[in-house]
Amino acid sequence: MYIVGVDEAGRGPLAGPVSVGVICALEGFDFLAAFPGLNDSKKLTEKKREALFVRLQEEIRAGNIRAVVHLASAAKIDARGIVPSVQGALYKGVRALLPNPEEGKVYLDGSLKAPPEYEQETIIGGDGKVPAIMLASIAAKVTRDRLMKKLAPTYPQYQFEIHKGYGTKGHYEALRAHGPCEIHRMTFLHLATEVVV
């Protein structure tokens, strides 16, 4: 039997994709021993998240863990909405790692739901309680942050490498000065009342 952990990152930013991390390991795998200092990605420094992500890649190569991160673009979020975009990425990830629903159980953070054919448990604050979800949150966050840094030189005026698309003061100032670019979520910008687009 397998344990699957699921979490997402980047639900709230004004730009860039939303990211869903899915982790799968045999029941009984000791996440805390394999990943010293494992915790909710939001409670870790960027350096610690990166170190744990490197460990994750080592465990994947060793065959101890399977993992995928699915992204839903800003365009998809604008077209479908944030909830369906997260759900679509999540369903893809869970079905890719655990094609047979009878072979495991899925643990999800917050209000996330797996496809209905899976045994599952959604845990409020799960990214601080369930190690498989913690690791999924790190996979989702690091993958998204790396992508935003990679995109930053294409859109230097927004400084995505600093705020990763979140609605910081500097990001709002850049939006006022330059307007949105193609990776901005247009449906999110009306929420930013101080931004004229």
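The values are calculated or read from the model by the stated rules, or taken from the named source; none is laboratory data. What you are looking at is a predicted structure, and each value in this text was computed from that prediction instead of being measured. For neighbour counting, all protein chains shown are included, and Cβ atoms are generated from backbone atoms with ideal geometry for every residue, glycine included.
Tabulated values for the structure
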{"read-out": "Number of the exception - C181 against (1) touching a Phe, Trp or Tyr at 6+ places or on another chain (Cβ under 6 Å); (2) crowded, with 19+ Cβ neighbours inside 10 Å", "value": "(2)"}
{"read-out": "Pair list, Cβ under 7 Å, 6 or more apart: region 169-184 residue not assigned by TED's automatic domain parsing to the domain that holds P17 and aliphatic (A, V, I, L, M), other residue surrounded by 13 or more Cβ atoms within 10 Å (Cβ to Cβ) and in a helix (DSSP H, G or I)", "value": "A174/Y158; I183/A74; I183/L151"}
{"read-out": "Residue match in region 4-26 (condition: buried (at least 19 other Cβ atoms within 10 Å of the Cβ), among the hydroxyl-bearing types (S, T, Y), in the same structural domain as R144 (by TED's automatic domain parsing) and modelled with pLDDT under 95)", "value": "no"}
{"read-out": "From S85, S19, S73, residue being touching a helix residue (DSSP H, G or I) at 6+ places or on another chain (Cβ under 6 Å), closer than 18 Å to V142 by Cα and among the small types (G, A, S)", "value": "S19"}
{"read-out": "Pairs where the first residue, in region 76-92, is surrounded by fewer than 17 Cβ atoms within 10 Å (Cβ to Cβ) and the second is of a type in the set (K, R), C-beta under 7 Å, 6+ apart", "value": "D78/R185"}
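Conditions tested, residue by residue: (1) under 18 Å from the mean Cα position of the chain (by Cα); (2) within 22 Å of Q57 (Cβ to Cβ); (3) buried (at least 22 other Cβ atoms within 10 Å of the Cβ).
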| position | (1), (2), (3) |
| --- | --- |
| V94 | yes, yes, yes |
| V106 | yes, no, yes |
| Y118 | no, no, no |
| D127 | yes, yes, yes |
| I133 | yes, yes, yes |
| I138 | yes, yes, yes |
| L151 | yes, yes, no |
| H163 | yes, no, no |
| G170 | no, no, no |
